[in-house]
Amino acid sequence: MTYYIAVDVGSGSVRAAVVSENGTMVATACKEIQIYQPQPDLYEQSSDDIWEAVVYSIKEAISTAGVSKHAIGGVGFDATCSLVVLDQENKPLSISPSGAPECNVIMWMDHRATKQTEKINATGHDVLKYVGGAMSLEMEPPKLLWLKENLKEQCWDKAGHFFELPDFLTWKATGSLTRSLCSVVCKWGFQADDNGKQEWSESFLKSIGLGDLIENNYYKIGSEVRAPGEWCGGLLPSTARELGLNPAITVAQSILDAHAGGLGCLACNPEDPDFPISSSSYMCRMAIIAGTSTCHMVASPDPIFVNGVWGPYYSAMIPHMWLNEGGQSSSGKLIDFIIESHPAYKEAEEKSKERDVHMHTFLNELLDDMAETEGKHSIAELTTDYHMWPDYHGNRSPVADWTLKGMLSGLTLSSSIENLALKYLATIQSLAYGTRHIVDEMNTSGHDVCYLSVCGGLSKNNLFVQTNADITNLPMILPHNTESVLLGSAILAASASGNYTNIQDAMEKMGGLGTVILPDMDLKQYHEKKYKVFLKMLADQREYRNIMSS
């Protein structure tokens, strides 16, 4: 049996797994990483802290698995789309206004580059049509421009390398400066298509004030690009000693974390053999990677342009297929915020601990009791008079407006634990209506999304899963393997090692099975009405702005 090491660097932790050649999770390990927030909307991390967590997690996972290092056939990395900056001696270089030396990573959810994003989008450059018509302030060009305009002497002039976090990890492992096609196409404005074009747009970089990145054949941002799952390099001897692995074992070209989840999700087949879909039917499936934020991945053989939705990106996830990527900037984080900011939070926390259950499980059970007491067909009907617009951290898609704010309708003077449960339910529903909004826009533009597959932390919440099925009115496939993101990185390692023909072959052999969750058709009319209210809240917010700006 051959095994693969999969590493997933999320927002708040690093996870590693030992995965068998058939996709079985043999062992996992996790270590938290630090997030610094020196100012509102600024989120920073340390690449040294992240790498230390990577080393710990890999060694712990191998130790727990009891697998010989000689049985390890490759390593795959995924990570958040965060910007790592090193100086000319390859040491961390501060990106923080505070000057803190440990803060050399601008996190994906950092929203400091508002003005720079507006400046970039005002150019109307052709590159922008591949990101839904407007670049997000979560992407790297706005953040790079912010560094140049705000920390020129401290950071910009001293920088030696700008990495996407997944590419930093492969550099640490192999010494290779190659960049992942996934990283640079999805977050940097790199151009790739099915005619063989792979290039930086010199005119784009010059038009947005980043022309100096062209110098020395784009050395600081990467001149060599490879697709995820290709061979990136062999493990450096020094890194091999650090990790307790054999030197020169295969390291796969990396991928962004959500895209790793997309591979793992789309590889999963329904356990019901009569269900009309297979892992090769990528075009009609949407992978939903739901964690701190949520990403919505749809692959297609031809490029499809969707307003407000990122892409189409060529070979960014599945080789030789185009990818559209919707998303919500705050989902799991929003649910946590709604719960923890409520006056009844402490009471709910104490009661969930008494019952030894997760907070979400406790609130789900409370909602069941409330629905039974009120004689409701479903707990969904508890929010007849309670509605939310969920963009507390701006809208990633399909509106693509990071200045949007959250909205609530139906507030009362109640601060009870039941009111907390109601607000929690409204939050889950609003996120699901947001997903439906994205699905509708994709289908209107030419996709044919018929099924959903879900992974990530929120996929472990039964209410979240069922609510998404009900509101989108689409079947949901829930993988038995609860670690689809790690599975995606293992698939990369398996493909790069040569043990499988390509990524699609590895997906087929390692994907496993999943449970089919069907929508509750009795709730269809109810959710149609609620969805109209949801869209009306967007229209109202726009009208409020027009009034205030007039």
Q: Please get the size of the charge dipole for the stretch 147-279, origin at its Cα centre, with Cβ charges of +1 on Lys and Arg and -1 on Asp and Glu, quoted in debye to the nearest 20.
A: 540
Q. Once phi is turned into ³J(HN,Hα) by the Karplus curve 6.51 cos²θ - 1.76 cosθ + 1.60 with θ = phi - 60°, what whole-Hz value does each residue of the stretch 440-453 show in order, with x for glycine and proline?
A. 4, 5, 5, 5, 4, 8, x, 6, 9, 6, 10, 9, 10, 10
**Q.** Label corresponding to log10 I(q)/I(0) by the Debye sum over Cα atoms at q = 0.05, 0.07, 0.08, 0.10 Å⁻¹ when calculated from the structure given, among [x] -0.30, -0.54, -0.67, -0.95; [y] -0.32, -0.60, -0.74, -0.98; [z] -0.19, -0.38, -0.50, -0.80
**A.** [z]
Q. Gap in Å between the Cα centre of the stretch 293-332 and the Cα centre of the stretch 342-381?
A. 35
Q: Express in Å², to the nearest 10, the accessible area of residue 418 obtained by rolling a 1.4 Å probe over the protein heavy atoms while all chains stay in place.
A: 80
Q. With the contact rule set at Cα under 8 Å and sequence spacing of 6 or more, what percent relative contact order holds for the stretch 185-333?
A. 18
**Q.** the chain - percent relative contact order, Cα under 8 Å, separation 6 or more
**A.** 16
Q: Using a/c under 1.5 as the rounded threshold, could you call the stretch 155-209 rounded, prolate or oblate? The axes a ≥ b ≥ c are square roots of the C-alpha gyration tensor eigenvalues, and prolate needs a/b larger than b/c, oblate otherwise.
A: oblate
Q: Scan around residue 514 for amide H atoms under 5 Å from its own, H built in the peptide plane at 1.01 Å from N, and keep only partners 5 or more places away or cross-chain.
A: 269, 271, 480
Q. What figure in square angstrom, to the nearest 10, would you give for the accessible area of residue 515 with a 1.4 Å probe?
A. 50
Q: Would you tell me the accessible area of residue 521, worked out with a 1.4 angstrom probe on the heavy atoms of the protein chains, in Å² to the nearest 10?
A: 110
Q) Where the centre of each part is set by its Cα atoms, how far does the stretch 482-518 sit from the stretch 9-58, in angstrom? A) 20
Q | Residue order for 402, 200 - accessible surface, 1.4 angstrom probe, largest first | A | 402, 200
**Q.** ³J(HN,Hα) computed for each position of the stretch 472-486 - Karplus, 6.51 cos²θ - 1.76 cosθ + 1.60, integer Hz, glycine/proline x
**A.** 7, 6, 10, x, 10, 9, 9, x, 5, 6, 7, 10, 5, 5, 5
Q: Sort all Cα-Cα distances of the stretch 465-550 into consecutive 10 angstrom bins from zero, then give the percent of pairs in each bin up to the one containing the longest distance.
A: 15, 24, 20, 20, 15, 5, 0
Q.
With a cut-off of 8 Å between alpha carbons and a minimum separation of six or more residues, what is the relative contact order of the stretch 77-214 in percent?
A. 28
**Q.** For residue 404, distant residues with modelled amide H under 5 Å away
**A.** 395
**Q.** Helical mean residue ellipticity (222 nm; -39500 (n - 2.57) per DSSP H run of 4+; nearest 500) of the chain
**A.** -11500 deg cm²/dmol
Q. Around residue 159, which amide H atoms from residues at least 5 apart in sequence, or from another chain, sit under 5 Å from its own amide H, with H modelled in the peptide plane?
A. none
(Q) I'd like to know which of 406, 461, 432 lies farthest towards the positive end of the charge dipole of the stretch 348-483, counting +1 on Cβ of Lys and Arg and -1 on Cβ of Asp and Glu. (A) 406
(Q) From the phi angles alone, apply the Karplus equation (6.51, -1.76, 1.60; θ = phi - 60°) to the stretch 158-166 and give each ³J(HN,Hα) in whole Hz, x where the residue is Gly or Pro. (A) 9, 5, x, 9, 10, 10, 6, 3, x
(Q) Taking the alpha-carbon distance from residue 91 and a cut-off under 17 Å, which aspartates and glutamates remain once sequence neighbours fewer than 8 residues away in the same chain are dropped? (A) 44, 48, 49, 52, 102, 153, 157, 164, 167
Q.
Ignoring ligands, DNA and RNA, please state the percent of accessible area on the stretch 317-440 from carbon and sulfur, probe 1.4 Å.
A. 48
Q | Per residue value of the accessible surface for the chain (all protein chains in place, 1.4 Å probe), Å² | A | 38
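The values are calculated or read from the model by the stated rules, or taken from the named source; none is laboratory data. Everything numeric in this text was worked out from a predicted model, so none of it was measured. Reconstructed Cβ throughout: ideal geometry from the backbone, glycine too, with neighbour counts over all protein chains shown. Heads up: the accessible areas ignore ligands, DNA and RNA and are worked out on the full protein's heavy atoms, side chains in. Shrake-Rupley method; radii C 1.70, N 1.55, O 1.52, S 1.80 Å.
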